[in-house]
Amino acid sequence: MKTDSKISTKKSWAKALALPAAEFPLTQLSVKSGKIPEGLRGTLYRNGPGRLERGGRAVGHWFDGDGAILAVHFTDVGADAVYRYVQTAGYLAEEKADRFLYSNYGMTAPGPVWLRWTKTVKNSANTSVLALPDRLLALWEGGPPYRLDLQTLETQGTDDLGSLDSEFVYSAHCKCDPITGNIFNFGITPGLKAKLNVYKSDYTGKIVKKSTVTLDGIPLLHDFVLAGKYLIFFVPPVRLNLAPVLAGIGSYGDSFEWKPELGTQILVFDSETLSLVSRGETDAWFQWHFANGFVTENGEVAVDFVRYADLQTNQRLKEVATGETHTDAEGTMSRVHLNPLTGKVTQIAELLDQACEFPIVPAAEIGQASRYIYLAMYRADVDIVAERYGAIARLDTQNGNLTIADCGENRYPTEPIYVPDISSEKGWILTVVYDGNSDSSEVWIFDSDGLDRPPICQLELPGVIPLSFHGTWKSAV
Ligand SMILES: [Fe+2]
């Protein structure tokens, strides 16, 4: 007798990724509880993989899903939202073919190996967003951004920010200096010796300065930090084994190798001139995300980031796409002190001894000392190997106090975005929550000083928004 002995161990978060997300047009949102604050006026944008399957084939990694953007506009008459896929060239071609056609971060192109050599990598436009005065950019690590209408999210093609570089790569974690309005970012040009291109734009996005540094091999570089007048990169000891990628038999994600003997390389740039100030080297670790950086009273630089022991986190995030995670790979919030003139690390300390991710500080405090870090973490007493983040929190870096908003069983918040009130000193924390109990998504608004209290407002979204990566806030004034 045939029996189904395989019992699913999937947690509730898997339902948010199981089906391709459906777009929805601009829709007035129902208030489920509370009231939208009068000083909350502007738009929340979020980006993340909207679909992890096509034509019956699953993607190879969570990072491979086509980018879909959520915009939630807060106005004097309420809140409305729109959710649309970024209409990249690759997305449109695969929509038409109803099957995957390209390689990606975690998957090789379909078909015979010899035909894969000519296939390009699909720009998934799925990682983050940059809100400029006249357009929204959907960002991805391996190519140019896509330009979207701020209101409707209509895709208007790729955007080179005025660069004349034909192989323009503009990564997903740009940094906006709240003092000068300048926007900094980088892009890696692959090669036997990769090039790190550093960009400075004015507040409109137009690139006004660029510099290039040659790297040793091709590292996995996801984020960097603005600290006072410095731009700082921690280049982790991860290098791409290019041969299987070029041969079309291995994906990028599967071909990154952990080489702790290389240590973490530190690059410090001057944000005014984009010239390299110093290079240093320190212990081996891996990081995806920085929280913030600042210059201390004695002229050192402090950098806060989520530190991982190794690259196993890449395997864990690959497993997310399958709806089941088995790899234990979490990072903790750490602070490094370094001398910016020598690149030498003087101190490494742990700020929070709990698994966390998606650290954020208020946009007005980027590059300066910032007391609070907002982040995503696990609910207490859950199996953190099988689960996803079910809480958001505020870490007080002055005294280590942690204020936690537990979103409840089977509920999964996204990266908490800090939003300044337009008419007071208050701030709000916005997060999009997938509720596995009702298979629906909501926008939750917290008082930034009251994460230990219930949300002050909950808004119902018209459809499920899959777990996403990064977002931003664009104020109405
Ligand atoms: Fe990221």
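The values are calculated or read from the model by the stated rules, or taken from the named source; none is laboratory data. All figures in this text were calculated on a predicted structure; none of them were measured in a lab. Backbone-built Cβ (ideal geometry, glycine too); neighbour counts: all protein chains shown. Heads up: the accessible areas ignore ligands, DNA and RNA and are worked out on the full protein's heavy atoms, side chains in. Shrake-Rupley method; radii C 1.70, N 1.55, O 1.52, S 1.80 Å.
How much accessible area per residue does the stretch 404-477 have, in Å², with a 1.4 Å probe?
Details: 2700 Å² over 74 residues.
That works out to 37 Å² for each residue.
If you wrap a convex hull around the alpha carbons of the stretch 430-477, what volume per residue comes out, as a whole number of Å³?
On the way: hull volume 5.4 nm³, N = 48.
Enclosed volume per residue, from the Cα hull, is 112 Å³.
Determine the gain in length on full extension of the stretch N241-T332; use 0.36 nm per residue of separation and subtract their C-alpha separation, reporting nm with one decimal.
Working: separation 91, 0.36 × 91 = 32.76 nm, distance 2.77 nm.
Gain on stretching N241 to T332: 30.0 nm.
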Q.
For A227, what residues show an amide H to amide H distance below 5 Å, using hydrogens built from the backbone and excluding near sequence neighbours?
A. I232
**Q.** Formal net charge of residues neighbouring I188 (Cβ-Cβ distance under 13 Å; K, R +1; D, E -1)
**A.** -2
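Report the relative contact order of the stretch 107-194, percent, no decimals, based on alpha-carbon pairs under 8 angstrom and at least 6 residues apart.
On the way: 136 pairs, mean separation 16.6, N = 88.
Averaging sequence separation for qualifying contacts and normalising by length gives 19 percent for the stretch 107-194.
Between rounded, prolate and oblate, where does the stretch 211-281 land on the alpha carbon gyration tensor, with a ≥ b ≥ c its root eigenvalues, rounded for a/c under 1.5, else prolate if a/b exceeds b/c?
prolate
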(Q) If amide hydrogens are placed 1.01 Å from N in the peptide plane, which non-local residues have theirs closer than 5 Å to the one on G143? (A) Y170
Q. Are any of the pairs K122/K474; K229/K344; K175/K209; K193/K259; K122/K206; K200/K426 more than 22 Å apart by Cα-Cα distance, and if so, which?
A. K122/K474; K122/K206; K200/K426
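Heavy-atom accessible area per residue, the stretch 266-305, 1.4 Å probe: how many Å²? Numbers along the way, then the final one.
Numbers: 1410 Å² over 40 residues.
On a per-residue basis, the stretch 266-305 sits at 35 Å².
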Q) the stretch 222-301 to the stretch 434-476: how many Å between their Cα centroids? A) 32
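Pulled fully out, how much extra length does the chain show between D98 and D310, if you take 0.36 nm times their separation in residues and subtract their Cα-Cα distance? Provide the component values of the computation, followed by the final result.
Working: separation 212, 0.36 × 212 = 76.32 nm, distance 3.71 nm.
The D98-D310 span can extend by a further 72.6 nm.
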Q: May I ask you to order 21-29, 262-270 by the average number of other C-beta atoms within 10 Å around their residues, highest value first?
A: 262-270, 21-29
Q) Given 20 °C and 1.002 mPa s, how large is the Stokes-Einstein diffusion coefficient of the chain in µm²/s, with Rh as the Kirkwood radius over Cα pairs? A) 95
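Rounded to the nearest 500, what is the chain's calculated 222 nm mean residue ellipticity when only DSSP H runs of at least 4 contribute -39500 (n - 2.57) each, over all residues? Don't skip to the end; give the middle numbers.
Working: 6 runs with 35 residues, N = 477.
So the calculated ellipticity at 222 nm is -1500 deg cm²/dmol.
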Q. Which of the peptides 168-180, 272-284 is most tightly packed, and how do the rest follow, going by the mean number of other Cβ atoms within 10 Å of each residue?
A. 168-180, 272-284
**Q.** Quarter of the Cα convex hull surface for the stretch 1-88, i.e. its orientation-mean projected area (nm²)
**A.** 9.4
Q: Give me the percent of the accessible area of the chain that comes from carbon and sulfur atoms, probe 1.4 Å, all protein chains in place.
A: 51
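Going by the alpha-carbon gyration tensor, a ≥ b ≥ c the square roots of its eigenvalues, is the stretch 351-477 rounded (a/c under 1.5) or, if a/c is not under 1.5, prolate (a/b greater than b/c) versus oblate?
Values: a/c = 1.82, a/b = 1.17, b/c = 1.55.
Oblate is the answer for the stretch 351-477, as a/c is 1.5 or above yet b/c matches or exceeds a/b.
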Q. Check A291: other-chain or 5+ apart residues with amide H under 5 Å from its amide H, H built from backbone geometry?
A. D304, F305, V306
Q: Compute the signed sum of charges (Lys and Arg +1, Asp and Glu -1) over the other residues within less than 14 Å, Cβ to Cβ, of R51.
A: -2
Q) Counting only the heavy atoms of the protein chains, how much of K259 is accessible to a 1.4 Å probe, in Å² to the nearest 10? A) 60
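With +1 assigned to the C-beta of every Lys and Arg and -1 to the C-beta of every Asp and Glu, and no other charges, what is the dipole magnitude of the chain about the Cα centre in debye, to the nearest 20? Please report the intermediate quantities before stating the final value.
Details: 44 positive and 58 negative charges, 225 e Å.
Here the size comes out at about 1080 debye.
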**Q.** Accessible area (Å², per residue) of the stretch 169-215, counting only protein heavy atoms and a probe of 1.4 Å
**A.** 40
